[in-house]
Amino acid sequence: MTLPPFPDPHGIAVMALVVVALVMFASSRIPLETSSLVILGLLVVGFELFPHTVEGATLHPSEFFYGFGHEALVAVCALMILGRGLESTGALQPVATGLARLWTRFPAFSFLATLVCAAFFSAFVNNTPIVVLLLPILIGVSLRSETRASDVLMPMGFATLVGGMATTIGTSTNLLVVSVAADLGMRRFEMFDFALPVLVAGVFGFAYLWLVAPRLLPERTPLLKDTSPRVFEALLHVDEESAAKGMTIEQVREKTGGNVRIRSVERGGALVLSPVAGLALQAGDRLRVQDTPDNLKEFERQLGAKLHNIGEEEQPVTEEHPLSAEDQQIAEIVITENSPLHRRTLAELRFVERYNLIALAIHRPGADGPRATDVADVCLQSGDVLLVQGPEKNIAALRTTGRLLVLDATVDLPRTRRAPLALAIMFGVVTVAALGIVPIAVSALVGVILMLATRCLEWDDLTAALSAQVVMIVVASLALGLALMRTGGADYVARLYVAVAAGLPPAIVMSGLMGVMAVLTNVVSNNAAAVIGTPIALSIAQQLDLAPEPFVLAVLFGANLSFATPMAFKTNLLILSAGGYKFSDFLRAGIPLTVIMWAALSVALALLYGL
């Protein structure tokens, strides 16, 4: 085996930076957008200090900023916004409601229908809104029918990933690969050019998801069955013998170790006072407090006050008359990237005052979340699940805003009168692009304008739909890809791969490339893997003197095989949290699906392109 000569120092430095980037992207300690900005900065500064010129052409550092205006990024952002419009207006609610009704009569068939619908819509809409739409439906019907939610949630999430492979707009990864390949001189793929191999492979994938995957998944308990202590509201009566008589609110808090949460002080018949630190308590005052039953009884002992229930018949809390909260419900709020709670604290948002709900606990994948007394100061992140308690009407109002993913064992979904209009706009965007009348970036941008003009979207929705992670990872990946191509790094990696695979049939070389991308995408960002892999795929095809299409599609498909780990795709994190899964469950169900789809897609591409 003869190894190719090393590229120049710039090429070696860029390849080293690619390795650094992949390590940073794989780290959960560094935010993805921070890693992307660091990589972009290193490229710009490096090529500014050490200019690179080949055959009279200089790679100017400003070229690394072109990604911010790249057609693929414009299309990705516009499609994310359109997906937000469908989500907030409830445009797909009739489909979800129909599936929910079907589940009560034909669960096995309904499971298959759910998988197919999820995949179909994910071919045209970002799969995050699809998962957000179906999660409460599937959890609701599973709780009502006493079936295992863990049997259906993960297969549903995987089905959206399979469906997203089928069109150029199914995922941001597809758009990036298609656009980058076109920038490098390859024929641009049209919307349905690679739908056939996905349909063929999808038959095997869906058979596995429907019949086999549920049998591989152990029973997991959704967080709705959480055993966190419930929080109750009660009154502490201060009388002449109470130790709290004459104390200030600040002294009361010190007496209880800073744990008591006083909402107000009731004095006399109708006077309600704010619990300011210097307020001195008098005999006859009643402290309105919130906490768990055990903590409330401890406050009663510490302050020498009498604990009373709040209700139509106020009475002391005893074994015969325990604390009660008949109107209280438990619900989960799953934190998504578009959530107003994302990267903010409950205290910062004044969550209790705004929504009149109590936060019981936070569940974070892979960690024990903080509990009742300290959740207010935790910075929430995508994938977290906030367990809340409150009146049924407040939870219903929260769900119908369309801005938060609420799981409360119901199947009611928000739907506005603008839902048909939002659906029509999205249909027009896809149709115009599919017919080749205008590029998807143009039609999607026009669609965003129409949704804003028709009030299907507000400006707050638009900005909430955009993800700094997606923007920065796309820009940084495009910059790395450009540097690899212009410095000869991509050509070197391609020559090295061809040298290692010397003597193997082209179909095996192509399949091996897909396998490498499948492993990479489950560890680092799929967008980064795809953009870095696309120029390498084109170079491999050039080295083998073969058509580039099957090799570029091998990168595209491999980068979409994000089944084996929760961090491989953001919807996997939502599924992990809502279903109560463990990391090992993704390995258990995801690796077989990855192997099935990889083998089926490899055969389909080889036959389709005559490799």
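The values are calculated or read from the model by the stated rules, or taken from the named source; none is laboratory data. What you see is a predicted model, and the numbers here were worked out from it, not measured in a lab. Every residue, glycine as well, gets a Cβ built from its backbone with ideal geometry; the counts of neighbours run over all protein chains shown.
Quick notes on this structure:
- Look at (1) surrounded by 22 or more Cβ atoms within 10 Å (Cβ to Cβ); (2) modelled with pLDDT of 85 or more and you find that Pro61 fails only one, number (1).
Quick grid of which residues meet (1) among the charged types (D, E, K, R); (2) modelled with pLDDT of 85 or more; (3) surrounded by fewer than 19 Cβ atoms within 10 Å (Cβ to Cβ); (4) closer than 24 Å to Gln389 by Cβ:
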{"residue": "Ala234", "(1), (2), (3), (4)": "no, no, no, yes"}
{"residue": "Glu240", "(1), (2), (3), (4)": "yes, no, yes, no"}
{"residue": "Ala270", "(1), (2), (3), (4)": "no, no, yes, no"}
{"residue": "Ala277", "(1), (2), (3), (4)": "no, no, yes, no"}
{"residue": "Val289", "(1), (2), (3), (4)": "no, no, no, yes"}
{"residue": "Glu300", "(1), (2), (3), (4)": "yes, no, no, yes"}
{"residue": "Gly311", "(1), (2), (3), (4)": "no, no, yes, yes"}
{"residue": "Val317", "(1), (2), (3), (4)": "no, no, no, yes"}
{"residue": "Gln328", "(1), (2), (3), (4)": "no, no, yes, yes"}
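- Unmet requirement for Gly163, which otherwise passes all of (1) closer than 24 Å to Ile532 by Cα; (2) not in a helix (DSSP H, G or I): (2)
- Some residue of region 517-531 being modelled with pLDDT of 85 or more, over 17 Å from Ser172 (Cα atoms) and out of contact with any Lys or Arg (no Cβ under 7 Å at 6 or more places or on another chain): yes
- Test result for Phe563, in contact (Cβ under 8 Å) with a residue 24 or more places away in the chain, among the hydrophobic types (A, V, I, L, M, F, W, C), touching a Pro at 6+ places or on another chain (Cβ under 7 Å) and closer than 26 Å to Ile473 by Cα: no
- From the list Thr463, Thr454, the one residue that fits, being hydroxyl-bearing (Ser, Thr, Tyr) and at pLDDT 85 or above, is Thr454.
- Looking across Asp183, Asp151, one residue alone is farther than 30 Å from Ser539 by Cα, at pLDDT below 90 and not hydrophobic (A, V, I, L, M, F, W, C). It is Asp151.
- Odd one out for Val19 among (1) under 30 Å from Ile440 (Cβ atoms); (2) exposed (fewer than 15 other Cβ atoms within 10 Å of the Cβ); (3) not aromatic (Phe, Trp, Tyr): (1)
- At least 1 residues being out of contact with any helix residue (DSSP H, G or I) (no Cβ under 7 Å at 6 or more places or on another chain) and either β-branched (Val, Ile, Thr) or not assigned by TED's automatic domain parsing to the domain that holds Phe206 (or both) is the threshold, and among the helices (runs of 4 or more DSSP H) wholly inside region 499-611 those reaching it are 506-521, 526-544, 570-579, 583-609.
- Checklist (1) at pLDDT below 70; (2) within 18 Å of Phe427 (Cα to Cα); (3) not small (Gly, Ala, Ser) applied to Arg144, failing item: (2)
The rows are residues; the columns are (1) buried (at least 24 other Cβ atoms within 10 Å of the Cβ); (2) of a type outside the set (Ser, Thr, Tyr); (3) over 23 Å from Ser36 (Cα atoms).
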site	(1), (2), (3)
Ala483	yes, yes, no
Thr487	no, no, no
Val498	no, yes, yes
Val516	no, yes, no
Val519	no, yes, no
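- Residue within region 366-382 that is modelled with pLDDT of 75 or more, part of a loop (DSSP other than H, G, I, E, B), buried (at least 19 other Cβ atoms within 10 Å of the Cβ) and not assigned by TED's automatic domain parsing to the domain that holds Val132 present: yes
- Per-region count, region 474-510, residues over 29 Å from the mean Cα position of the chain (by Cα) and either over 30 Å from Phe50 (Cα atoms) or among the polar types (S, T, N, Q) (or both): 14
- Pairs, first loosely packed, with under 14 Cβ neighbours inside 10 Å in region 421-441, second in a helix (DSSP H, G or I), C-beta under 8 Å, six or more apart: Ile437/Ser443
- Taking each residue of region 55-75 that is over 22 Å from Ala444 (Cβ atoms) and looking for partners that are loosely packed, with under 14 Cβ neighbours inside 10 Å with beta-carbon atoms closer than 7 Å, six or more apart or interchain, yields Thr58/Pro51; Pro61/Glu48.
- For region 207-217, the count of residues that are modelled with pLDDT under 90, under 26 Å from the mean Cα position of the chain (by Cα), in a loop (DSSP other than H, G, I, E, B) and not basic (Lys, Arg) is at least one.
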